[in-house]
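Please read the structure below before turning to the comments.
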Amino acid sequence: MDMIKLTIDNREVEVPKGTTILKAAQTIGINIPTLCHFELEGLGVHNKPGSCRICVVEVAGRRNLAPACITEVMPDMVVKTNSMRVINARRTVLELMLSDHPNDCLQCAKNGRCELQKLAIRFGIRQNPYVGGEQSNYQIEVSPSIIRDMNKCVMCRRCETMCNEMQTVGALSAIERGFPAVVSTAFNQHLEDSPCSFCGQCVAVCPVGALTEVDHTPKILRAIMDEKKKTVVQVAPAVRVALGEEFGMKPGTIVTGKMVTALKMLGFDYVFDTDWSADLTIMEEGTELIGRLTKFLNGDKDVKLPILTSCCPAWVNFFEHHFPEMKELPSTAKSPQQMFGAIAKSYFAEKIGISREDMISVSVMPCLAKKYECSRDEFKVNGNPDVDYSISTRELASMIKQANIDLATLPESEFDSPLGESTGAAVIFGTTGGVIEAAVRTAYEVITKKSLPKIDFEELRGLEGIRSATIDVDGLKLNIGIAHGLKNARKLLEDIKAGKCNFHAIEIMACPGGCIDGAGQPLHHGNSDIIKARWEAIYRADKEMPIRKSHENPSIQAIYKEYLGEPCGHKSHELLHTHYFDRQTVVEVGSDK
Amino acid sequence: MYELLDKITKGQGTMDDLDQLRNLSRVIKDTALCGLGQTSPNPVLSTIDNFWDEYVAHVKDKKCPAGQCKALKQYVIDPEKCKGCTACARNCPVGAIKGTVKMPHEINQEICIKCGTCIEKCKFNAISII
C-alpha cells in the first residue's frame, strides 16, 4: 500500500494513501472536532457531506481552510489543526450555528448527549454575538414513533444518509434554501403518510434533538401507580446486552438479572421476557417454513418461497411500502412483541382472572418501529391494543435513573413464570442472523427427528450486509439468505423478483447489525466497537442458556398443550398471525396530501 | 452579514459590529463550502480595506458620505433659496412638506420617506441632501 508522509502540528505522520486528515491526526492522538461527519466502520455507513465546517484545518499553500473529514492527505502536506485562524473560524462557525438553534437545552431530549452542546462546551461559548437575528421556524411534527423538531436541525444530513443510502427508504431529503432549508419528506407530508419505515436510524444518528423518540415513560409510571390496573412488561433480547451502557458499564455487559430486579423495583406486576414469545415465533414461523417447504418438495408450483421473516416491524413497513406485490412472501407470524401482547391479553389475562382492559402491557424494545407497530389497528381488539406502550432501552434507563436505582449494584433475579422462560435460540433474535439460526435449530430437529450434532451455525453469523449459507438438513439442502440494513434487503428482494436467487428462507432486519443497533438502543455516537461488543454478548448469552432450542422450551410446550393446540393451528392463527397491506404511497399532483 | 450591514446602514451599528463584520467575512471566505460562498464576502472585505473611514462615519457620525443610505439621508430646504412656489409640497407623496405660499417651506423629517421627488420638482435648487 502506498504510504504518504505529512506533518500535522509539527509532528510527522505516515498514513496510507487515501486517508483523510481527520483520521491521520487521530493516529497521533490529535482529536479534531467534528459535527456532521459520521461513520460506522464495518457496517457501510458513512456520512461525509463536509458541510458543518467545524473540522477545518489550515494547510500550508492552500488559500482557504480545508475540512479535515473529507480532505485526503497529500505527500509533504503541512497541516495546522490549532492555529488562531483555525480556532477562530471554528468558533465563528459554531456561534453562527448556535444563533439559529433554540436555547431550550434543559428540556431537550438530547440534553447531555447532544453533540452540538458538547462542542459549545469544548469551545467555551459564553456569549454569542450573532444571537438575535433571523431564525428558522418550523412546526414540530409528532408521529407514533418519531418527533421531528426541525428548529433544532443543524443540517448535518446524517438522517438523510441513513434514510437514503443505508435504508433506501427515501423518506427524508433536504429541501429549500437559506433559512427555510430543512430536511423533510416530499411535499412536507406527515411521516405516517410518507414511505417512512419508522426504523428510526435517523434518530439514532441525529447529533442534536431534531429527531427524537416519542416518550411514553410518564404514561407508564401512571399505569404502575393505578391500583386497578395490572402491568405486564416484556423485554426484548437486545436490551439486556446494551442497557448497562447507560449506567457506565462496559459495552457488551449482559445485565439480564439486574434488569429484571430493576423492573420489579419499578413496580411492574409481572416481568416477562420477549424471548419467550420469540420461542413461540420460532414454533409458528418454523412450522410455516416446514409447511411451505414440504409443499414445494411435493411439486406444488404455486407455493410462496422463499419465506421471509417478519419479526422486524420496520422491515414489514418497508415491504408494505416498497414491495407490496411481494406481500405474500413474508411469514404471517406476528413479531415476538405482538405475539407476547396477544397471549398476555388473552391466555394470561384469563389465567389471572382480569379483563384485557385492566391489563397494561408494556414492552421494552431496542426499537422505535415497535412503537408504531403496537399502534397498528390490526393489533387491537375492540380498540384495546395488545401492547399498550413500547419504550426504548434509553427510556427504560431513564425510568430506572428517575427511581434512584443503581443498576450496577443490584442483585440478579429471574423472570416471572410462565411467560418468562426462554432459550438461547430466542436470545439471538437480537442480532442479524439470529432468527434464522433459531429457526434452523428447530426446523432441523423437527424435519429429521434427530438431535442436532452442533447447535452453533457459525456460517449464519457475521456482520456483512448480505450473507448466504446452505444448511444440510439430512440430505435436504436448505438455502438461507440473510440481510440487514434495508439497502441490502432491497437488493435481495430485487434479486428474488428477477428470479436470480434460489433461497428457501431469508431473514431480514432493518437496522444495520440487527436489533443490537436498533434505534432505541443507547447512542453509540458512531463507535462500531460498541455494536460489535453487543453482538458478541448476544452469542455469549445464548451459550449460557441451559436450553438452546425453541421447541424444547417447557413453557412453550405447555402453552400448546394447554391453550393453543398445535403450531399454525386454528387458535394460533387467530392470535399469532397477521396479514399485510399494500401501502405504496402514491401522491397525486395537486392533492393537498 | 446582511443583518450587520443593514444595521450599519441604518446608523445603528457599533464599532464592535464593524470588527464582527470583518471577522465574519474572513471566516466565510475561509470556510464556505462552494466557490460562490467563498467569494461572497469579497465586496465587503474590499470596501472595508479601501473605504474604512466611510464605515466609521456610518457608526460614529451616523452619516453616509456617499449619500446612499436612505436612513442616514436628510432632505433639507435652504430657506434663502426657497421662493415658496409650493411645487415640492404639492408633489410630496406623503405630505411631509408644509409652508405658506411665497414663504420658505420645511420638510418634516419624521414623515419624509426620502423618495427624492421634491428635489426633482424644485426649480430653484433649494433642496439638498445632508
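The table below gives the values:
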{"read-out": "Any pair with Cβ under 8 angstrom, 6 or more apart, that starts in segment B:56-75 at a residue that is without any contact (Cβ under 8 Å) to a residue 12 or more places away in the chain and ends at one that is in a loop (DSSP other than H, G, I, E, B) and surrounded by 15 or more Cβ atoms within 10 Å (Cβ to Cβ)", "value": "B:57/B:63; B:57/B:64"}
{"read-out": "Residue, surrounded by the most Cβ atoms within 10 Å (Cβ to Cβ), within segment A:1-20, restricted to residues that are touching a residue at least 60 places away in the same chain (Cβ under 8 Å) and on the phi < 0 side of the Ramachandran plot", "value": "A:8"}
{"read-out": "Qualifying positions in segment B:19-44 - over 21 Å from residue B:56 (Cβ atoms) and out of contact with any helix residue (DSSP H, G or I) (no Cβ under 9 Å at 6 or more places or on another chain)", "value": "B:33, B:34, B:35, B:36"}
{"read-out": "Members of segment A:220-251 that are surrounded by fewer than 16 Cβ atoms within 10 Å (Cβ to Cβ) and not in a helix (DSSP H, G or I)", "value": "A:226, A:227, A:228, A:248, A:250"}
{"read-out": "Qualifying position, being over 26 Å from the mean Cα position of the chain (by Cα) and either farther than 19 Å from residue A:438 by Cα or surrounded by 24 or more Cβ atoms within 10 Å (Cβ to Cβ) (or both), among A:274, A:294, A:287", "value": "A:294"}
{"read-out": "Residue that is in contact with a strand residue (DSSP E or B) (Cβ under 8 Å, 6 or more places away or on another chain) and more than 22 Å from residue A:37 (Cα to Cα), where the choices are A:197, A:184, A:145, A:173", "value": "A:145"}
{"read-out": "Candidate set from segment A:317-339 (those that are among the polar types (S, T, N, Q) and surrounded by 20 or more Cβ atoms within 10 Å (Cβ to Cβ)); member that is nearest to residue A:436 (Cα to Cα)", "value": "A:331"}
{"read-out": "Selection status of residue A:53, at positive phi and among the basic types (Lys, Arg)", "value": "yes"}
{"read-out": "Helices (runs of 4 or more DSSP H) completely within segment A:482-574 that count 2 or more residues being polar (S, T, N, Q)", "value": "A:554-559"}
{"read-out": "Test: residue in segment A:187-203 that is out of contact with any helix residue (DSSP H, G or I) (no Cβ under 6 Å at 6 or more places or on another chain) and under 29 Å from residue A:88 (Cα atoms)", "value": "no"}
{"read-out": "Check on residue A:138, more than 27 Å from residue A:398 (Cα to Cα) and within 14 Å of chain B (Cβ to nearest Cβ)", "value": "no"}
{"read-out": "Residue in segment A:88-125 that is nearest to residue A:216 (Cα to Cα), counting only those that are more than 14 Å from chain B (Cβ to nearest Cβ), touching a helix residue (DSSP H, G or I) at 6+ places or on another chain (Cβ under 8 Å) and not hydrophobic (A, V, I, L, M, F, W, C)", "value": "A:110"}
{"read-out": "Every residue from segment A:107-120 that is surrounded by fewer than 16 Cβ atoms within 10 Å (Cβ to Cβ) and either within 29 Å of residue A:188 (Cβ to Cβ) or modelled with pLDDT under 95 (or both)", "value": "A:107, A:111, A:112"}
{"read-out": "Among (1) over 30 Å from residue A:231 (Cβ atoms); (2) assigned to a helix (DSSP H, G or I) - the single one residue A:456 does not satisfy", "value": "(2)"}
{"read-out": "Members of segment A:48-67 that are assigned to a loop (DSSP other than H, G, I, E, B) and within 12 Å of chain B (Cβ to nearest Cβ)", "value": "A:49, A:50, A:51, A:52, A:53, A:54, A:55, A:62, A:63, A:64, A:65"}
{"read-out": "Test set (1) at pLDDT 90 or above; (2) assigned to a loop (DSSP other than H, G, I, E, B); (3) not hydroxyl-bearing (Ser, Thr, Tyr) - residue A:165 fails condition number", "value": "(2)"}
{"read-out": "Count of residues meeting criterion [in contact with a helix residue (DSSP H, G or I) (Cβ under 8 Å, 6 or more places away or on another chain), of a type outside the set (Lys, Arg) and within 13 Å of another protein chain (Cβ to nearest Cβ)] in segment A:68-87", "value": "3"}
{"read-out": "Matching residues in segment A:457-478 - criterion: being surrounded by fewer than 17 Cβ atoms within 10 Å (Cβ to Cβ) and either touching a Lys or Arg at 6+ places or on another chain (Cβ under 6 Å) or touching a residue at least 60 places away in the same chain (Cβ under 8 Å) (or both)", "value": "A:470, A:476"}
{"read-out": "Helices (runs of 4 or more DSSP H) wholly inside segment B:1-112 containing at least 3 residues that are surrounded by 12 or more Cβ atoms within 10 Å (Cβ to Cβ) and within 14 Å of chain A (Cβ to nearest Cβ)", "value": "B:2-9, B:15-31, B:35-39"}
{"read-out": "Residue count for segment A:385-432, restricted to those that are closer than 17 Å to residue A:237 by Cα, more than 22 Å from the chain's Cα centre (by Cα) and among the β-branched types (Val, Ile, Thr)", "value": "1"}
{"read-out": "Among the residues listed as A:392, A:422, the single one being touching an Asp or Glu at 6+ places or on another chain (Cβ under 6 Å), modelled with pLDDT of 95 or more and surrounded by 22 or more Cβ atoms within 10 Å (Cβ to Cβ)", "value": "A:392"}
{"read-out": "Subset of segment A:433-460 [within 27 Å of the chain's Cα centre (by Cα) and of a type in the set (Ser, Thr, Tyr)]", "value": "A:442"}
{"read-out": "Qualifying residue in segment A:256-273 (condition: within 30 Å of residue A:102 (Cβ to Cβ) and in the same structural domain as residue A:539 (by TED's automatic domain parsing))", "value": "no"}
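Matching residues to (1) closer than 30 Å to residue A:11 by Cα; (2) assigned by TED's automatic domain parsing to the domain that holds residue A:66; (3) modelled with pLDDT under 95:
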| position | (1), (2), (3) |
| --- | --- |
| A:93 | yes, yes, no |
| A:122 | yes, no, no |
| A:128 | no, no, yes |
| A:141 | no, no, yes |
| A:147 | no, no, no |
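The values are calculated or read from the model by the stated rules, or taken from the named source; none is laboratory data. If you're wondering where the values come from, they're calculated on a predicted model, not measured in any experiment. All Cβ positions, even for glycine, are placed from backbone atoms using ideal geometry, and neighbour counts span all protein chains on display.
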